[in-house]
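One structure is given here, and the rest of the page talks about it.
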There are 4 protein chains.
Amino acid sequence: MLNGGSSSGKSGIARCLQELLPDPWLSFGVDTLIMAMPASARTSAAGIEFAPQGEVIVGPQFRSLEAAWIAGLVAMAGAGARIIVDEAFLGGAASQQRWTAALGDLPTLWVGVRCDAEAAAAREIARGDRVPGMAASQAELVHQGIVYDLEVDTTHAEALACARHIAASLR
Amino acid sequence: MLNGGSSSGKSGIARCLQELLPDPWLSFGVDTLIMAMPASARTSAAGIEFAPQGEVIVGPQFRSLEAAWIAGLVAMAGAGARIIVDEAFLGGAASQQRWTAALGDLPTLWVGVRCDAEAAAAREIARGDRVPGMAASQAELVHQGIVYDLEVDTTHAEALACARHIAASLR
Amino acid sequence: MLNGGSSSGKSGIARCLQELLPDPWLSFGVDTLIMAMPASARTSAAGIEFAPQGEVIVGPQFRSLEAAWIAGLVAMAGAGARIIVDEAFLGGAASQQRWTAALGDLPTLWVGVRCDAEAAAAREIARGDRVPGMAASQAELVHQGIVYDLEVDTTHAEALACARHIAASLR
Amino acid sequence: MLNGGSSSGKSGIARCLQELLPDPWLSFGVDTLIMAMPASARTSAAGIEFAPQGEVIVGPQFRSLEAAWIAGLVAMAGAGARIIVDEAFLGGAASQQRWTAALGDLPTLWVGVRCDAEAAAAREIARGDRVPGMAASQAELVHQGIVYDLEVDTTHAEALACARHIAASLR
């Protein structure tokens, strides 16, 4: 479970993990869920919304779909698939709790993906495909109250180096 | 459950259904699974492969990940999410059987999405992002031995019209 | 020169033409120019803007960059490249005039790509990646006052069939 | 003119420059040209090809289209557009010479975008959308025999910091 703010480098770490690990791992993220939602729900008050400063506002409809989504990923893992989840715990400890309750006894490595707000904001500009402000507003927020097995920091390290560190803990 | 060949218009019908149906539906397809796989598995003999004439060759590794994927989508539906699945049953009745076994008692509308091979091949060229030959090779193949509740044909009808027909059966 | 409204099928026809024509043709469109602009200019009053009903509002900054863009494409053609341009003449005869003035003596085939507003609007929903309403608002508008050598209609014909008709006029 | 190997960070620097610079700049790259080519030319011996180790093999057809492309971008600049070009000079001094001959008297800032082969290869894995091996094979190659006004290195610096350095030279 990779948790980090927008533009912290989670997806890059996930792709590197898939190349490093000897078994095939499936990689899913909150972006997979958002892409599966109706186009209208992606931008409605009931679904998910991007405020002018880049904050993400999550409505009740999204929460209900997300609960089913979590149940589904847990079932995939229960059926034997190795799964990387790329998440941004905008709700702090409550976000982690939603997952721990669903995961039950399934072995999980909780990984914090940190990146200084300034570096994440710079990468957001370089990507050019995100709502400006998300990186800075999430950089600290998503880690508040979260308990990790392992933390990596992409501010000065490549995603591949972070992935090597994580992979070593999975053996 | 939308089953049809490559470039038959399944994804377009799925997006139209999401706009037409009053509740929010999640839309997933075999493309979602392929995108979740390691880049190397997408093109290896153990994973999934695109032969020169556009046939898709599916290896044992893919089958095992697909079984977990099916279990996960069924669990999402069991947890209350309404789900559209966009599939290409390359294995005929055995492909459908994998789903019926997993779905159990969950209510499912089986929809065949037909498109003449010539029209599908023309759309494949117009899209420009698919391996040439997939549309023609799958147009008939994916429907062999499949039992449907409903069939639509995109050869002469817009995806939206097909989606209206399907939506009427979901009420 | 392919001129038609949003979701009328211009890009698909362009890709089919590239496959049908024996020589290599380069394909550019107003989307190429928009992608080349700064992210901020794409959504600012000075650049280009998408109004709530899907109308496109084009500012003075965009006009100035577009004039240079047109000069550049004409220079590519003057240097010997065969070029397909995919356009939406939102400004009517004045839009065409901007091109004819720049093209000078270069041989040009003016092609109108028509699609009924209802069919274009249906395809816009099926695509799911356009601002809703653009297709319907542009369907008639972009053809007002334009003079063509040839017209095709994608309402009931595949892009490939339209491209075959156009290709026959290029020999 | 930004010249650097694959995955060295040129596109990110270009997007940052567009945000930093007060006037609107258009950004084009060799990827724009490749996307404009017929799908078949992108992978044919006459066009452009990606060898198993990630080397790029450029055929005569590509060279001829590229000459027209260069003439077109130069004409855009001549018509008053400010242009960022993102290039990979695989042919060394001859590649630069093609541009200098076409540019004539137009003021140009030649910028080398360096990145250590190891870091570029790591980023190529994290991106997951490039032919593996391109980053390492181009890291040194594209700089051989090239004369720059300015060089930046993305190995340990963010694209935004490199862009600030470049922007300071444009004033």
Notebook entry, point to check: Ignoring ligands, DNA and RNA, what percent of the 1.4 Å accessible area of the range A:89-171 is carbon and sulfur?
Noted result: 54 percent
Notebook entry, point to check: Nearest-to-axis residue of chain A, judged by Cβ, for the A-to-D rotation, with distance in whole Å?
Noted result: A:H156, 4
Check: How many nm separate the modelled label positions at D:R171 and A:A168, each set 7 Å beyond the Cα in the direction of the Cβ?
Finding: 4.4 nm
Item checked: Summed buried accessible area for B+A [probe radius 1.4 Å, Å², rounded to 100] -> 2000 Å²
Note to self: For chain C, what does the accessible surface come to per residue with a 1.4 Å probe? Please give it in Å².
What the structure shows: 42 Å²
Check: In nm, one decimal, shortest first: how far is the label point of C:L109 (7 Å from Cα along Cα to beta carbon) from the matching points in the other copies?
Finding: 4.3, 4.4, 5.8
Margin query: Quick check on chain D: take the gyration tensor over C-alpha atoms, sort the square-rooted eigenvalues as a ≥ b ≥ c, and tell me if it's rounded (a/c under 1.5), prolate or oblate.
Written below: oblate
Check: Using r as the Cβ-Cβ distance of C:A161 and B:D153, and R0 as 22 Å, what FRET efficiency do you calculate, to the nearest 0.05?
Finding: 0.75
Check: Inter-copy label distances at C:R98, 7 Å along the Cα→beta-carbon direction, one decimal in nm, shortest first?
Finding: 3.0, 4.6, 5.1
Notebook entry, point to check: What's the Cα-based Rg to Rh of the protein assembly as shown, Rh via Kirkwood?
Noted result: 0.95
Check: Copy-to-copy spacing for D:R127, label 7 Å out on the Cα-to-C-beta vector, in nm, shortest first?
Finding: 1.5, 2.5, 2.6
Next item on the list: Output the DSSP H helices from chain A with an along-axis C-alpha extent of no less than 20 Å and a mean Kyte-Doolittle hydropathy no less than 0.5.
Entry: A:60-78
Notebook entry, point to check: So how strong a dipole does chain D carry about its Cα centre when Lys and Arg Cβ are +1 and Asp and Glu Cβ are -1, to the nearest 20 debye?
Noted result: 280 debye
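The values are calculated or read from the model by the stated rules, or taken from the named source; none is laboratory data. Note that the structure is a prediction, hence the values are computed from the model and not measured. Here Cβ is always computed from backbone atoms with ideal geometry, including for glycine, and neighbour counts include all displayed protein chains. Ligands, DNA and RNA are stripped out before the accessible areas are found, and what is left, the full protein with its side chains, is counted by its heavy atoms. Shrake-Rupley method; radii C 1.70, N 1.55, O 1.52, S 1.80 Å.
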